Structures are given as structure tokens and as C-alpha cells.
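Where a number appears in this text, it was derived from the coordinates with a stated rule and is not lab data. Nothing here was measured: the structure is a model prediction, and the numbers come from that model. Using ideal geometry, Cβ is built from the backbone for each residue, glycine included, and neighbour counts are taken over all protein chains shown.
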Amino acid sequence: MTPYKKGRWAEKRAIVILRLKGYKILAERFKTPVGEIDVIASKRKQLVFVEVKNRPSLSEALDSLSLLQRKRIVQAAKMYLAKHPRWITGEIRFDVIAFWPWRWQHLQNAWNEI
């Protein structure tokens, strides 16, 4: 399987996990000129921007999320909020869902920058 297909597979699994946990999926692969957000979801009054990582280990998944990538995701999130202003006053969170062989973990509030 190519890295692209592995990434798409992980994103689809992340969406299933989020739905099972009660989240509503608002967008998949939200693209902007500054970056892309893998999944945008909501639960109650929380808006959640989710980065999905598929790596050989949890530590490699977390290490692959660089400061530059986090900044791009934050900028893309600001663009989403500009298009959907009803969320500006709500709680906003950045999560990571990491997959590695036979395991996964949903890290809530992986970072906080808005």
C-alpha cells in the first residue's frame, strides 16, 4: 500500500472512531492555501480539528507533527472559522488520532494555539 493510501485508510478509520465516540463529522480533508485539516468534527459545543497520523509507533506519529505543521493547521482552522463564524465563540480543540500496528490513540487537546 502506498503512503497516500495508508494515510487515507487512517483518515477513514479516524472518522469511524470519532462517530462511534459521538462526534459529528463536519468536513474531511479541508484544504486551504495555507494547509489542510484531515478531519473537522463537533461534539456538543466543541469544534475539533483532528490531525491523523499513521506511523510504525506512537512516538513516531507524534514526532512527525512538526511545529510548522501545527502552525499550518492553526492557520487553516482560522480560515474555517472565518467561513463558519458560529463556531468562533465556542470551544475549539486540536486533537491527534495516531495509528500504529494493531493500535490507535485519540489524543485530545494535543496542542493549543488559537
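Brief remarks on what is shown
- Cα-based equivalent ellipsoid, the range 71-110: semi-axes from gyration tensor eigenvalues, Å: 26, 11, 8
- Loop sites in the range 28-114: GluC sites (Glu not before Pro), DSSP, at most 15 other Cβ within 10 Å: E113
- Dimensionless Rg over Rh [the range 3-111; C-alpha; Kirkwood]: 0.94
- Relative to the longest principal axis of the Cα atoms of the chain, the long axis of helix 67-83 makes an angle of roughly 40 degrees.
- When +1 charges are put on Lys and Arg Cβ atoms and -1 charges on Asp and Glu Cβ atoms, the dipole computed for the chain relative to its Cα centre reaches about 380 debye.
- In terms of distances greater than 27 angstrom between alpha carbons, the cross-link table entries K5/K45; K53/K78; K6/K83 yield K5/K45; K6/K83.
- In the chain, the DSSP-assigned H stretches of four residues or longer account for a calculated mean residue ellipticity at 222 nm of -11500 deg cm²/dmol, using -39500 (n - 2.57) per stretch and the full residue count as denominator.
- Cα long-axis angle, helix 3-20 against the chain (0 to 90 degrees, to the nearest 10): 60
- Computed from label points 7 Å out along Cα-Cβ, the spacing between R13 and S59 is 2.1 nm.
- Of the trypsin sites (Lys or Arg not before Pro) found in the range 14-114, those that fall in a DSSP loop while having at most 11 other beta-carbon atoms within 10 Å are K21, R44, K45.
- Compared with the direct C-alpha span, the chain from T2 to N112 gains 36.4 nm at full extension, assuming 0.36 nm per residue.
- When the Cα positions of G7, I25, L62 are compared along the charge dipole of the range 3-111, I25 comes out farthest toward the positive end, with charges on each C-beta of Lys, Arg, Asp and Glu.
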